[in-house]
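The values are calculated or read from the model by the stated rules, or taken from the named source; none is laboratory data. Nothing here was measured: the structure is a model prediction, and the numbers come from that model. With ideal geometry, Cβ positions are generated from the backbone for all residues, glycine too; neighbour counts draw on all protein chains shown.
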Ligand code: UDP
């Protein structure tokens, strides 16, 4: 089978990185992500990645302990850099060259985000991980993922979650929840489905960027999505 996409932007959840832990990075999860990314690179697909920071810190939860939102969001963006570096390390251990580009300049740690440079890395078969979100507070890494995808002309955003697609209600709480095979951006927004925040969804819609939501905790699923198998939900 041939991959149906040439260049993908994979959005990985920071929260899922915890695995069964309460906090931080579970080596099993990060190795599984790295292996799945390697398998996709070996199909000849160009892979860019955005990883969240929810396993370490979220700006909104900082407010609960008296940290102002902007400071908390800066902390959250730094958390995504920690995850990005851990993921880079895991992917490079498998022999795949990887670059981290940061939305907040930190030249001793990573390259700054430069669109053309990112595209060049991708063309050379390097995995590019975009850390530090958009570089701005009040955004999420979902929005950062869509923004970077649009900037680098990715064919699709593939969002990894803990459930296998988009449901009409929370499938964990409601056993009768119904899964969508396809859904439109407008429906996602109107029904207020918790897929991505509204900023990310509108950015996808305005730029006609397809989005696929699927379960990444089952190994091999990223490859299946890239090969066009119908798993998860497609938003068009
Ligand atoms: N964040 C931000 N601007 C961005 C992206 C992220 O301020 O462009 C901060 C925000 O505080 C967010 C945190 O980084 O809560 C971690 O990202 P997110 O919650 O999206 O991670 P995930 O849910 O994927 O683990």
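Quick one: in the range 58-69, of everything that is within 7 Å of the ligand (Cβ to nearest atom) and assigned to a helix (DSSP H, G or I), which residue is surrounded by the fewest Cβ atoms within 10 Å (Cβ to Cβ)? By that ranking, first place goes to 60. A search for C-beta distances below 7 Å between a residue of the range 52-80 that is under 16 Å from residue 145 (Cβ atoms) and modelled with pLDDT of 95 or more and any residue that is more than 7 Å from the ligand (Cβ to nearest atom) and in a helix (DSSP H, G or I), counting only pairs 6+ apart in sequence or on different chains, returns 53/83. Of the candidates 72, 54, the single residue that is within 13 Å of the chain's Cα centre (by Cα), surrounded by fewer than 24 Cβ atoms within 10 Å (Cβ to Cβ), within 15 Å of the ligand (Cβ to nearest atom) and not in a strand (DSSP E or B) is 54. Scanning the range 81-93 for residues that are under 20 Å from the mean Cα position of the chain (by Cα) and in contact (Cβ under 8 Å) with a residue 24 or more places away in the chain returns 81, 82, 83, 84, 85, 86, 87, 88, 90, 91. Among the residues making up the range 19-40, a single one is buried (at least 17 other Cβ atoms within 10 Å of the Cβ) and more than 23 Å from residue 212 (Cβ to Cβ): 25.
Please find, within the range 37-51, the residue that is nearest to the ligand (Cβ to nearest atom) out of those that are in a helix (DSSP H, G or I) and touching a strand residue (DSSP E or B) at 6+ places or on another chain (Cβ under 9 Å). Per the stated criteria, the residue is 37. Quick check: anything in the range 125-144 surrounded by fewer than 22 Cβ atoms within 10 Å (Cβ to Cβ) and in contact with a strand residue (DSSP E or B) (Cβ under 7 Å, 6 or more places away or on another chain)? Yes, the range 125-144 contains a residue that is surrounded by fewer than 22 Cβ atoms within 10 Å (Cβ to Cβ) and in contact with a strand residue (DSSP E or B) (Cβ under 7 Å, 6 or more places away or on another chain). Residue 24: within 12 Å of the ligand (Cβ to nearest atom), under 23 Å from residue 162 (Cβ atoms), part of a loop (DSSP other than H, G, I, E, B) and in contact with a helix residue (DSSP H, G or I) (Cβ under 7 Å, 6 or more places away or on another chain), yes or no? No: the conditions fail for residue 24.
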